[in-house]
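Nothing in this text is a laboratory measurement; each read-out follows from the coordinates by a stated rule. From a predicted model like this one, the values you see are computed outputs, not experimental measurements. FYI the Cβ positions are ideal-geometry reconstructions off the backbone, even for glycines, and counts take in every protein chain you see.
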């Protein structure tokens with residue numbers, strides 16, 4: 001436990017030193033005159049501009065709206081992606097029907113779907129949800145489908161020898177075995193969801209971090225603009241740690257079993 005705590009503190013210290021070095025280099029570069037301060041303000045000015053924006057109150061609302069849109073879209077994308085992954089991995093007919101549709105839609109950038117979505121759902125909550133779902137569903141679907149198809153054959157044959165049918169194998173063997181890959185797909189989808197939420201707010205939003213980023217850029221409030229960019233990065237880190245905590249909760253038992261197997265194997269050797 002002590003070694004683990006020391007390792008965690010060492011990693012946190014190294015990351016803190018790295019961030020401090022980047023901030024110091026930013027500050028010195030801006031104040032050296034190598035770049036116009038109007039377009040590359042010092043990090044101290046960025047910090048104070050961000051504090052002023054928080055004190056005004058509107059930035060908290062924008063941040064909350066962006067995060068809620070991201071989480072709502074990601075939740076729907078997770079449900080849809082896992083559902084269709086189960087469908088295509090258990091039915092050859094469904095796989096044959098959906099495979100060409102997936103290959104056609106998956107490479108399309110989410111930004112290209114925004115004008116089409118506006119015609120069908122209008123400019124409102126539906127547009128944000130649709131864009132976020134479209135951007136984040138593909139990694140979840142692809143990773144989950146591949147994980148379900150590549151389940152351990154030994155486990156499957158063992159389940160069949162105990163009389164498990166198709167759905168019992170899915171519930172008790174395939175899905176638990178694929179859970180680490182599914183969580184990885186959701187984490188990848190989370191990053192895509194945040195990008196899509198900010199993008200659609202920039203193009204068709206009235207509130208949110210994307211809209212504020214667009215507004216500050218064209219108003220040449222560059223210090224606030226850089227602050228919002230940094231804030232978006234911290235929200236991405238927060239979202240990743242949130243999904244990582246969920247993944248640890250869902251797959252912690254597998255890690256514990258793997259460690260116990262390694263210890264047993266080492267003791268036997």
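Here are the numbers for the structure shown:
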read-out	value
Positions within the stretch 92-112 being free of Cβ contacts under 8 Å to residues at least 24 places away in the same chain and farther than 30 Å from residue 149 by Cα, in sequence order	112
Counted residues, the stretch 107-130 - those being surrounded by fewer than 13 Cβ atoms within 10 Å (Cβ to Cβ) and either in contact with a helix residue (DSSP H, G or I) (Cβ under 6 Å, 6 or more places away or on another chain) or within 25 Å of residue 206 (Cβ to Cβ) (or both)	9
Helices (runs of 4 or more DSSP H) completely within the stretch 125-197 that count 3 or more residues being in contact (Cβ under 8 Å) with a residue 12 or more places away in the chain and closer than 22 Å to residue 73 by Cβ	125-149
Residue satisfying condition, being surrounded by 11 or more Cβ atoms within 10 Å (Cβ to Cβ), out of contact with any strand residue (DSSP E or B) (no Cβ under 6 Å at 6 or more places or on another chain) and assigned to a helix (DSSP H, G or I), within set 25, 12	25
Residue within the stretch 35-43 that is part of a helix (DSSP H, G or I) and surrounded by 10 or more Cβ atoms within 10 Å (Cβ to Cβ) present	yes
Tally, over the stretch 64-80, of residues that are surrounded by fewer than 20 Cβ atoms within 10 Å (Cβ to Cβ) and closer than 19 Å to residue 200 by Cα	7
